[in-house]
Amino acid sequence: MLFRSLCSVALGEVGGLGGLNDGLAAQDPVLTGLIPPDLALGVSLWIFAFFLGGLGVAGQPQVVSRVMTLGTDAERKQAMIWFFVWQTPFILIMLVIGWASRVVFTQDGFDAELGLPTLAMEVLDPFWVGLILASIFAATMSTADSQVLACTAAVTDDIRPEWSQDHATTKKVTLVVAAFATAISLGGLYVP
């Protein structure tokens, strides 16, 4: 609902769908086409790439670990339905927000990865900006948590299976994995 509101405000900022289309066409007419021109391997492979991208989500550890906790096939089917019911409109809303960001922020050197929070800061009240930033950080932390747990499971179940039933050792491995991931993150801040 929050991102739907940002999408509505962003569309209003660029003049609706017509203004969005005109703004994108002014930057590059290719941006308003449904299919990119000059596809080296054809349209069918381009469409197939979207299908493979969707399958790639299912193989990510933070997603697989959630599916593995479900007990029955009926629960897995219900989870799949909920995933697509919520994910499909969310992706479309994020796509429109990304296009609107491209129209609003045309200056050179703008970091496209910051389009969502920057657009929120430009068009929303501070309370709503805080909610959007909190949702971004929550998603990041959820993914990081799942990655740490997946790495811990890889060590305790695959590399050293004898550690898997010892909860004290498992906690130590989790702390070591979390510290290692934190060190990599902090190192990435200082390595160009």
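The values are calculated or read from the model by the stated rules, or taken from the named source; none is laboratory data. What you are looking at is a predicted structure, and each value in this text was computed from that prediction instead of being measured. Heads up, the Cβs are rebuilt from the backbone with ideal geometry, glycines too, and the neighbour counts pull from every protein chain shown. Keep in mind that these areas ignore ligands, DNA and RNA; they rest on the heavy atoms of the full protein, side chains included. Shrake-Rupley method; radii C 1.70, N 1.55, O 1.52, S 1.80 Å.
Within the set Thr106, Thr152, Thr118, Thr182, the sole residue that is out of contact with any Asp or Glu (no Cβ under 6 Å at 6 or more places or on another chain), open to solvent by less than 60 Å² (accessible area, probe 1.4 Å), farther than 20 Å from Arg4 by Cα and of a type outside the set (Phe, Trp, Tyr) turns out to be Thr152.
Scanning the range 105-133 for residues that are assigned to a loop (DSSP other than H, G, I, E, B) and more than 19 Å from the chain's Cα centre (by Cα) yields Phe105, Thr106, Gln107, Asp108, Gly109, Phe110, Leu124, Asp125. Considering only residues in the range 58-69 that are of a type in the set (Gly, Ala, Ser) and surrounded by 11 or more Cβ atoms within 10 Å (Cβ to Cβ), the one that is nearest to Ser142 (Cα to Cα) turns out to be Ser65. In the set Thr72, Thr140, only one residue is over 30 Å from Gln27 (Cβ atoms), among the β-branched types (Val, Ile, Thr) and loosely packed, with under 12 Cβ neighbours inside 10 Å; that residue is Thr72.
So which of Gly56, Gly23, Gly18, Gly71 ends up being in contact (Cβ under 8 Å) with a residue 40 or more places away in the chain and either outside any helix (DSSP H, G or I) or among the small types (Gly, Ala, Ser) (or both)?
Of Gly56, Gly23, Gly18, Gly71, the one residue that is in contact (Cβ under 8 Å) with a residue 40 or more places away in the chain and either outside any helix (DSSP H, G or I) or among the small types (Gly, Ala, Ser) (or both) is Gly23.
Taking the stated definitions as given, is Leu55 within 18 Å of the chain's Cα centre (by Cα), open to solvent by 80 Å² or more (accessible area, probe 1.4 Å) and of a type in the set (A, V, I, L, M, F, W, C)? Judged against the criteria, Leu55 is a match.
In the range 84-95, the residue that is farthest from Ala144 (Cα to Cα) out of those that are open to solvent by 80 Å² or more (accessible area, probe 1.4 Å) and within 14 Å of the chain's Cα centre (by Cα) is Leu92.
If we keep just the residues of the range 155-170 that are exposed (fewer than 12 other Cβ atoms within 10 Å of the Cβ) and part of a helix (DSSP H, G or I), which is farthest from the chain's Cα centre (by Cα)?
Checked the range 155-170; the qualifying residue farthest from the chain's Cα centre (by Cα) is Glu162.
Looking across the range 20-44, the residues that are at pLDDT 80 or above and either within 22 Å of the chain's Cα centre (by Cα) or open to solvent by 50 Å² or more (accessible area, probe 1.4 Å) (or both) come down to Asn21, Asp22, Ala26, Gln27, Asp28, Pro29, Val30, Leu31, Thr32. Among the candidates Ser8, Ser65, the residue that is over 28 Å from Thr106 (Cβ atoms) and of a type in the set (Ser, Thr, Tyr) is uniquely Ser65.
Which residue pairs have Cβ atoms closer than 7 Å, lie 6 or more positions apart in sequence or on different chains, and pair a first residue in the range 116-144 that is closer than 20 Å to Thr106 by Cβ with a second residue that is open to solvent by 40 Å² or more (accessible area, probe 1.4 Å) and among the charged types (D, E, K, R)? Sorted first by the residue in the range 116-144, then by its partner, the pairs are Val123/Glu13. Residue pairs whose Cβ atoms lie under 6 Å apart, sitting 6 or more positions apart in sequence or on different chains, and linking a residue in the range 88-105 that is over 15 Å from Leu31 (Cα atoms) to a partner that is part of a helix (DSSP H, G or I) and of a type in the set (Phe, Trp, Tyr), are Ile93/Phe3.
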